[in-house]
Each structure stands twice: as C-alpha cells, then as structure tokens.
Amino acid sequence: MDKVGDYAILSHKPMEFSMPERFFPAVFVLLWASAFIAAKFGLTGAGPFSFLFTRFVIVAGLFGVMAWWMGSAMPSPGQWPALVIAGVLMHGFYLGGVFFSISHGTPAGIASLIVSVQPVITCLIALVFLKERISPLQWLGIALGMAGVVAVIWPRLGGAVPLIGLFSCSISVIAISFGTIIQKRFSGTVDLVSGNCIQAIAAAGFYLLLLATIETYRLEWTLAVSLAMVWIVLAISLGAISILMLLIRKGQMAATSSLFFMVPPVSALLGYFAFGEALGLLGIAGFLLASAGVWLVNRPEKS
C-alpha cells in the first residue's frame, strides 16, 4: 500500500482502520444522514443557494482560521486546479442539486434514494480511471445495498417527483461521483485543513455566481434556520466532510462510496425520531440489507 505521510493513497485494499479510526465510517454515515434532516429545517426560511452560500462563507472562514492557527501547509500551485474542481463538484453541484431539488418539492427521502446510486457510478468510474479491482463479493454488497435502500425508501415514494427535482438530483449524483474520483486521484498529499478551506472558498464562489444569475439572496435567521446552519456547518462541513476526505485517502473507492448506501436508511431512522415517520417491517429489512451490503464491500481481505 502506497503511503504519503500517515495516509494511504491509491490503495487497492478495502478500508482497514485502527481505533478510533475504525469508527469513522459509522460516524460519517450518521452525520451525513443528519444533513437531510437539517436541510428540511434550513429551507423553511432560506433559498437553497442562499443557505449554501452563507454556509460555505462561514466554513471557509473557520477552516482559514484553523489553517493559520495550526500552521497548515498550503497546497502547491499544481494541486489547486484539482482541489477547486473537486470542491465545486462535491460541495457545489452535489449539495446545490440536492437542496434545489428539495426546495422544489422533491421529498428528502426520494432525493436521498436518487443520490444513493452514487456508489455504482463511482465504481464504474474507478474501474476505468483508477484501474481498481471490484471483487465479486463487493459487487454483491453493492447489489444488497441498492436493494436495502429501495426497501427503506419505497414506502415513502407516495408523492410525485417533479421533473426538475429528478434532473437536479441526477446532476448531483454524477457530480459527487466524479468529485470523489478527482479528490482521491489528485489530492492525496494535500493538508486536510488548508485543502478544505480552498474547497469551501471555491464552493462559496460557485454559489455566489448562482445568486448573481438564478436566485435572489434570501435567508431569515429564524430559530429553525439558525440551528440548521450551526449543525450543518459544525457537524457536516467540519466533521463529516473532513472524515470523508480521510476515508477517500485511506480506502478503496468502492468501499468509501458504499457508505452512501447507508445514508437513506439512517436518514429514515432519524426521520422517525424527528418527525415520527414510521419505518415498518419493510424498512427495517431494508436497513439490515443495506448494512450487510456495506459490510461486504468494506470487509478486510484475508491475507
């Protein structure tokens, strides 16, 4: 396994973590799933691009202060293009597409289901560009993950999905698939703090462009919007995104991407506790299927 500093890069083995790193996948899934719940609250008093622009301005400032305080090394000039492109794809097109879709009437569960096909797309891209080998058990895990996601979300598919919402989520899933590939291929040695700062600035610039052309800035600092902003900035942008960057560095693309299969089931569980949305027997069965699928994709190879 090739290493740069403390991090494995371009590895062809499933993720293997020591304590406490072995908990990173579970923590990432929980935090990422909570973003759908927070988004539902945040969009009650803000436009999707307005909320995200404000979020990434705050995030860029926080990471900038952290980079200065920690003395983080700045990326080399040659690393900037990949960082900016990956940042715009993962934090711009992906998040912007999901928030835009939800703001136009697409239920959060359906949006989560659509973007959950990301592991399949990423695996196919990884086969072509990274020459990664996907084992038969990992393909089985991907199939089980997809089946589990459908089982969890299917009971929530009662409403019609707006065409613009479906199109928006489709752009999101393609963007994050290519973004994770670029992040792994070209950003393996970049300092996480300074790299995240640059990507947050790129995302803020992306949303500023959208605000100048598509959406008039609107953000009301109600209690719901404020709490959603605090949670998304601290737990998602500083927590989940940093964990995702580590997972991309340390793990195989198929293993890292498979974690997104767990987001809709966990989002459904959080929805039950937050909004009283019942899972039912089919939902519970789907959660178990998705869990089994993620385990198969991430199980260590026997030497």
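The values are calculated or read from the model by the stated rules, or taken from the named source; none is laboratory data. All figures in this text were calculated on a predicted structure; none of them were measured in a lab. Neighbour counts run over all protein chains shown; Cβ positions are idealised from the backbone, glycine included. Please note that ligands, DNA and RNA were not included when accessible areas were found on the heavy atoms of the full protein model with its side chains. Shrake-Rupley method; radii C 1.70, N 1.55, O 1.52, S 1.80 Å.
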- Taking the stretch 206-218 and keeping only residues that are open to solvent by 50 Å² or more (accessible area, probe 1.4 Å) and not in a loop (DSSP other than H, G, I, E, B), one is left with 208, 209, 212, 213
- Task: For residues that are in contact with a His (Cβ under 8 Å, 6 or more places away or on another chain) and either over 17 Å from residue 210 (Cβ atoms) or at pLDDT below 95 (or both), tally how many sit in the stretch 44-85.
- Result: 0
- Given the conditions (1) open to solvent by less than 50 Å² (accessible area, probe 1.4 Å); (2) touching a residue at least 60 places away in the same chain (Cβ under 8 Å); (3) within 18 Å of residue 32 (Cα to Cα), report the number of the one that residue 138 does not fulfil. (3)
- Query: Do we find a residue being outside any loop (DSSP other than H, G, I, E, B), surrounded by 20 or more Cβ atoms within 10 Å (Cβ to Cβ), modelled with pLDDT under 80 and charged (D, E, K, R) anywhere in the stretch 178-193?
  - Reply: yes
- When restricted to 198, 153, the only residue under 22 Å from residue 256 (Cβ atoms), buried (at least 16 other Cβ atoms within 10 Å of the Cβ) and at pLDDT 75 or above is 198
- Task: Of the numbered conditions (1) at pLDDT 95 or above; (2) open to solvent by 70 Å² or more (accessible area, probe 1.4 Å), residue 203 fails exactly one; give the number of that condition.
- Result: (2)
- Hey, does the stretch 113-131 have a residue that's within 14 Å of residue 180 (Cβ to Cβ) and among the charged types (D, E, K, R)? no
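One line per residue, one yes/no per condition, for (1) crowded, with 24+ Cβ neighbours inside 10 Å; (2) in a helix (DSSP H, G or I):
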{"residue": "61", "(1), (2)": "no, yes"}
{"residue": "72", "(1), (2)": "no, no"}
{"residue": "79", "(1), (2)": "no, yes"}
{"residue": "84", "(1), (2)": "no, yes"}
{"residue": "87", "(1), (2)": "yes, yes"}
{"residue": "98", "(1), (2)": "yes, yes"}
{"residue": "119", "(1), (2)": "yes, yes"}
- Condition test on residue 230, is it modelled with pLDDT of 80 or more and open to solvent by 40 Å² or more (accessible area, probe 1.4 Å)? yes
- Hey, residue 65 over 18 Å from residue 184 (Cα atoms), out of contact with any Leu (no Cβ under 9 Å at 6 or more places or on another chain) and of a type in the set (A, V, I, L, M) or not: yes
- Hits in the stretch 95-144 - residues which are at pLDDT below 80 and touching a Pro at 6+ places or on another chain (Cβ under 8 Å): 105, 106, 109, 112, 113, 116
